[in-house]
Amino acid sequence: MRVFSGVQPTGALHLGNYLGALTQFVRLQEDAECLFCVVDLHALTVPRNPVELRRETLQVASAYLACGIDPAHATVFVQSHVPEHAELAWILGCISTFGELGRMTQFKDKSQNEHNVSLGLFAYPTLMAADILLYQADAVPIGDDQKQHLELCRDLTQRFNARFGPTFTLPEPLIGQVGGRIMSLQDPVHKMSKSDPDSNSRIGLFEPADIIRQKLRRAVTDTGREVRFDQEVKPAVSNLLEIFSLCSGETIATLEARYADSGYARFKADLAEAVIAKLEPIQARYREYQAAEDVVRVTLRQGAERAAALASETMATVRERVGLLGPGD
Ligand code: TYM
């Protein structure tokens, strides 16, 4: 089985990225051939400061390694180091329709109230499909918010294969039942997001312990005092229970039994310690990689070589299938 996924270098990673995506990456690398990409071309779909983008690209690569992705098991690389991503995105763009791209909810959300919406933002899902199809991935670990993009990728796969002959593997999404959608700490009907202007809504992967304690103390709760998992009636507490369970390894039922009548304050204080215990070793490794950036750069260079070999194989077939004249033809 081959697995592909990507993370954008846009702002600090948060607990939603970690619990929804990165923990799945680490688990999958044992049993599957994995490629994990820092999708810098996707980050360009909104205006970016070039110096920051370069820095954040290295930071996401360091975060991958700090979370436990082992370059001996998985290929870690930067999207723009393999130019075939952009080439395949163009070809897939030529079979994508204006209507289907316009229906993407992420595009609708991001373009709302914007005057200068870029072609890149509109075509974001086509580039994402190219990332996946270039490596003939069987499975794509993602958070729930990327489900619609993956459905579009599957539609494009079937359309391309029907029009030009079997070329691409049909990829399956892998979305955690728990952790696939971590919600905002301030507004539990919205997902935890890098772009939320209120930083109290999220916990950064690399935030200090006292800030994590403070943010969880301030996290909104629901009416009543009972700690109980019920996403309809108690969305805020249910979200906190999911985070607690994923960080401590205990089941939600165990946590419900322990905190049923203890009140929110003790529940949130213990939750903070569980989150801190989970993140501390990751933060320590992250600091080590930050101090040894050359190690990260070498990993990325080797990763790009491996990825490029796979990508050029797929692109040779794609160019031939769609009828591009090769220089040697
Ligand atoms: P990005 O960087 O926005 O998010 C990275 C991953 O984190 C997941 N995620 C969440 N999971 C649970 N709860 C949340 N609140 C939460 N917020 C974010 C995202 O679903 C994602 O898995 N479009 C992708 C990047 C990408 C990609 C790809 C992914 C580009 N090409 C090819 C897979 C395959 C994205 O949203 O990145």
Seminar exercise, completed: Checked pairs for segment 1-30, first without any contact (Cβ under 8 Å) to a residue 12 or more places away in the chain, second more than 8 Å from the ligand (Cβ to nearest atom), C-beta under 8 Å and 6 or more apart or across chains, list as none
Exercise. Of all helices (runs of 4 or more DSSP H) completely enclosed by segment 78-168, which ones contain at least 1 residues that are buried (at least 19 other Cβ atoms within 10 Å of the Cβ) and assigned by TED's automatic domain parsing to the domain that holds G303?
Worked result: 84-93, 105-111, 119-134, 147-164
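Can you list the helices (runs of 4 or more DSSP H) found entirely within segment 189-263 that contain at least 3 residues being touching a Ser or Thr at 6+ places or on another chain (Cβ under 7 Å)?
Qualifying helices (runs of 4 or more DSSP H): 235-248.
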For this session: Considering each of V178, V189 in turn, give the residue that is in contact (Cβ under 8 Å) with a residue 24 or more places away in the chain, closer than 18 Å to Q24 by Cα and out of contact with any Lys or Arg (no Cβ under 8 Å at 6 or more places or on another chain).
Result: V178
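The values are calculated or read from the model by the stated rules, or taken from the named source; none is laboratory data. The shown structure was predicted, so the numbers you read here are calculated from the model rather than taken from an experiment. Glycine gets a Cβ as well: all are built from the backbone with ideal geometry, and neighbour counts include every protein chain shown.
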